[in-house]
Amino acid sequence: MDGYKRLLSYAPEKKRELVLAIFFTGLSAIAQVFSYFYIWKFLEALLASNNLQEAMQYAVVVIVLLITYIFLYFIGVALSHILGFRVETNLRKKSALNVVDGSFHFFDNHSSGEVNKIINENASNTHSIIAHMIPDITSAIIAPILLIIVATNIDITFGVLLFLALIFAFICLKGMMSDSSFMEAYLKVLERLNGETVEYVRGMQVVKIFGASVYTFKSFYEAIKEYSNLTYQHAINCKHPYVSFQTILNLYISFTIPYGIYTLTRGSEPLEIAAKVIFFAIIGGVIFTSMTKIMYVGSDMFMAKEAVDKMENLFEEMEEKKISHSTYEDLQNTNIEFKDVTFSYENAPVIENLSFKLEGGKSYALIGGSGSGKSTIAKLIGGFYKVDSGQVLIGDKLLESYSEEFLNNKIAMVFQNAQLFDLTVFENVKLARPEASDQEVMQALKDASCRDIIDKLPQGVHTMLGTEGVSLSGGETQRIAIARAILKDADIVILDEASAAADADNEYKIQQAFAKLMEGKTVIMIAHRLTSIRNVDEILVMSQGQIIERGDHETLMAADSKYKEFQEMYAKANEWRVKSD
Ligand SMILES: Nc1ncnc2c1ncn2[C@@H]1O[C@H](COP(=O)(O)OP(=O)(O)O)[C@@H](O)[C@H]1O
Ligand SMILES: [Mg+2]
């Protein structure tokens, strides 16, 4: 019940629908019981009192009541669907907001496909659980109770017999109701099976080429076995209660006949007994089927709990390790400083007790071997991650003291694999500053040397990009992304291997675009082409999360430095490349 309540708490605005859904399904159950009562009246009039006209009247009442029953039930189910869909919608909305707000840490550990799957599967489960559980519970409780009362009034012995049969049937049902440990195991193995199936299908080419069989995919095979064992075991466990349930139902119906005969010998009216036997046989079937609905309530409850648990865990994880920003919105200067910063993605720190200061208005290059921590520093300045200890200061104030949006507007980043959206070129650039004028957008594109790209596109800047539109090369994409950064006009510019994806032709244009982007800004440039960093004010050399050297090109080259080593290595590699070309 806890999971169910928590699910409903996502649609507090639809509390009225909840109450009304229970009310209408309750009413419908009452109408249903009344219709059966009039079936009895009909049988009695037809058989016992042989009054055809009265029987006809009762038959009409029965029809009217059954229509009313269906009508009320329909309203109740419609209301519970409205409630269910609202819960689903709200959960999806909340998910979308959380995803937008999710920490980088979260997205490092979860692929977008995985997140999408968790949200989709669980959210869509919620509506059907809510939509069906309300009418099922309401009618499975109200109808049997009222029918027993009606039945006992018609004939006390038949009624008591029915009541006893119901108690036994209920005990059997309880035996069949899946306990939560089974459900847990079942959902787990189902999830595993789904995952393994996807892997298998993904690997189909390999399967075909190498003639591998399902046995080669050991874990897929094991998942199938596990699933089949579990469901088989469950079916076996249900065997006894299910057979008993069916037996009781049939025994009850056949018992009404000997009992009827017995009362005949005691001088009862035969036709009256016939009417009773028919009536009790009918309602016996009705009650038993409405009771079987209870069987699903247990698993529905469990599914409801699973769905909220999974989604709430996801929401929590998205929030984890996020920086909690304050509201300050004024940048005094663009100095950047790390004070004794330690940071780890997982367990081992990538950066340990790192301190350095960069002066506002200057340009810096960050170099070092792959994995030395360059991108990590860029991301920490961008406020993507929370540091484990120490302080990151921007404009001599703690990074956290600025509002997230403000900080975001003050720092522009261009990464190696820039992402463009499925929008037009124009819209992609304008995203950086929605209030920018059309002229400013066009100027940014021009400054980023994007002219040749636009001239080539069928609808110029208004050409759609992406899956439905035109696709650009890596270098072209990068230039559009730089135009976006130029339009943003942020005070701090960070370029992380931003020209790595470019070919020689693009490289030159990208360098031009960079020059424009960097004008008058505080720049941190991470470059793998060492030739492009000679003109920066200062070069910082990183190794294993530490800054081991810093200085301008001339100073570093004059000493016996790591930087010099890098330069020599780079020159040699270039020589190689030229020779092999
Ligand atoms: N998202 C991440 N999750 C876990 N470890 C990471 C992540 N990003 C980087 N690392 C690790 O942190 C270290 C520094 O990485 P990075 O800053 O990207 O280096 P660089 O940019 O200098 O090549 C590397 O050992 C890398 O494997
Ligand atoms: Mg990197």
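The values are calculated or read from the model by the stated rules, or taken from the named source; none is laboratory data. Being a predicted model, the structure only gives us computed values, none of them experimental. We place every Cβ from the backbone using ideal geometry, glycine too, and count neighbours over all the protein chains shown. For the accessible areas, the whole protein counts, side chains as well, though only heavy atoms, and no ligand, DNA or RNA atoms are used. Shrake-Rupley method; radii C 1.70, N 1.55, O 1.52, S 1.80 Å.
Numerical summary
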| quantity | calculated |
| --- | --- |
| ILE209 open to solvent by 60 Å² or more (accessible area, probe 1.4 Å), in a helix (DSSP H, G or I), within 30 Å of LYS276 (Cα to Cα) and out of contact with any helix residue (DSSP H, G or I) (no Cβ under 8 Å at 6 or more places or on another chain) | no |
| Of residues in the stretch 482-509 being among the small types (Gly, Ala, Ser) and surrounded by fewer than 23 Cβ atoms within 10 Å (Cβ to Cβ), the one farthest from ILE377 (Cα to Cα) | ALA504 |
| Total residues in the stretch 317-328, condition over 14 Å from GLY383 (Cβ atoms) and either out of contact with any Phe, Trp or Tyr (no Cβ under 7 Å at 6 or more places or on another chain) or open to solvent by 60 Å² or more (accessible area, probe 1.4 Å) (or both) | 4 |
| Residue check for GLU54: crowded, with 19+ Cβ neighbours inside 10 Å, in the same structural domain as PRO135 (by TED's automatic domain parsing) and at negative phi | no |
| Qualifying residue in the stretch 562-581 (condition: over 19 Å from SER363 (Cα atoms), open to solvent by less than 40 Å² (accessible area, probe 1.4 Å), small (Gly, Ala, Ser) and out of contact with any helix residue (DSSP H, G or I) (no Cβ under 6 Å at 6 or more places or on another chain)) | no |
| Some residue of the stretch 320-341 being within 16 Å of ligand 2 (Cβ to nearest atom) and among the hydrophobic types (A, V, I, L, M, F, W, C) | no |
| Among the residues listed as VAL441, VAL414, VAL425, the single one being under 19 Å from THR463 (Cα atoms) and in contact with a strand residue (DSSP E or B) (Cβ under 9 Å, 6 or more places away or on another chain) | VAL425 |
| The stretch 362-378: number of residues that are surrounded by fewer than 20 Cβ atoms within 10 Å (Cβ to Cβ) and more than 9 Å from ligand 2 (Cβ to nearest atom) | 3 |
| Residues within the stretch 388-401 that are surrounded by 20 or more Cβ atoms within 10 Å (Cβ to Cβ) and within 14 Å of SER355 (Cα to Cα), tallied | 2 |
| Among residues of the stretch 355-380, those that are outside any loop (DSSP other than H, G, I, E, B) and either within 12 Å of ligand 1 (Cβ to nearest atom) or not hydrophobic (A, V, I, L, M, F, W, C) (or both), counted | 14 |
| Pairs with Cβ under 8 Å, 6+ apart, first in the stretch 359-372 and within 15 Å of ILE533 (Cβ to Cβ), second open to solvent by less than 10 Å² (accessible area, probe 1.4 Å) and within 8 Å of ligand 1 (Cβ to nearest atom) | ALA365/ILE526; LEU366/ILE377; LEU366/ALA378; LEU366/ILE526; LEU366/MET542; ILE367/ILE526; ILE367/MET542; GLY368/MET542 |
| Residue within the stretch 171-188 that is at pLDDT 80 or above and either assigned to a loop (DSSP other than H, G, I, E, B) or over 35 Å from the mean Cα position of the chain (by Cα) (or both) present | yes |
| All positions within the stretch 510-534 that are in a loop (DSSP other than H, G, I, E, B), open to solvent by 40 Å² or more (accessible area, probe 1.4 Å) and away from ligand 2 (no atom under 16 Å from the Cβ) | GLU519, GLY520, ARG534 |
| Pairs, first of a type in the set (Asp, Glu) in the stretch 263-281, second assigned to a helix (DSSP H, G or I), C-beta under 8 Å, six or more apart | GLU269/ALA48; GLU272/GLU44; GLU272/LEU47; GLU272/ALA48 |
| Every pair of residues 6+ apart whose Cβ atoms lie under 8 Å, when the first sits in the stretch 182-197 and is in the same structural domain as ILE118 (by TED's automatic domain parsing) while the second is of a type in the set (S, T, N, Q) and in a helix (DSSP H, G or I) | MET183/SER299; TYR186/THR231; GLU196/SER219 |
| Odd one out for HIS325 among (1) within 15 Å of ligand 1 (Cβ to nearest atom); (2) assigned to a loop (DSSP other than H, G, I, E, B) | (1) |
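Listed here are the residues, each with its yes/no results for (1) in contact with a Phe, Trp or Tyr (Cβ under 6 Å, 6 or more places away or on another chain); (2) open to solvent by 80 Å² or more (accessible area, probe 1.4 Å); (3) assigned by TED's automatic domain parsing to the domain that holds GLY361; (4) modelled with pLDDT of 90 or more.
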{"residue": "ALA412", "(1), (2), (3), (4)": "no, no, yes, yes"}
{"residue": "GLN416", "(1), (2), (3), (4)": "no, no, yes, no"}
{"residue": "LEU423", "(1), (2), (3), (4)": "no, no, yes, yes"}
{"residue": "GLN439", "(1), (2), (3), (4)": "no, yes, yes, yes"}
{"residue": "LEU445", "(1), (2), (3), (4)": "no, no, yes, yes"}
{"residue": "ALA448", "(1), (2), (3), (4)": "no, no, yes, yes"}
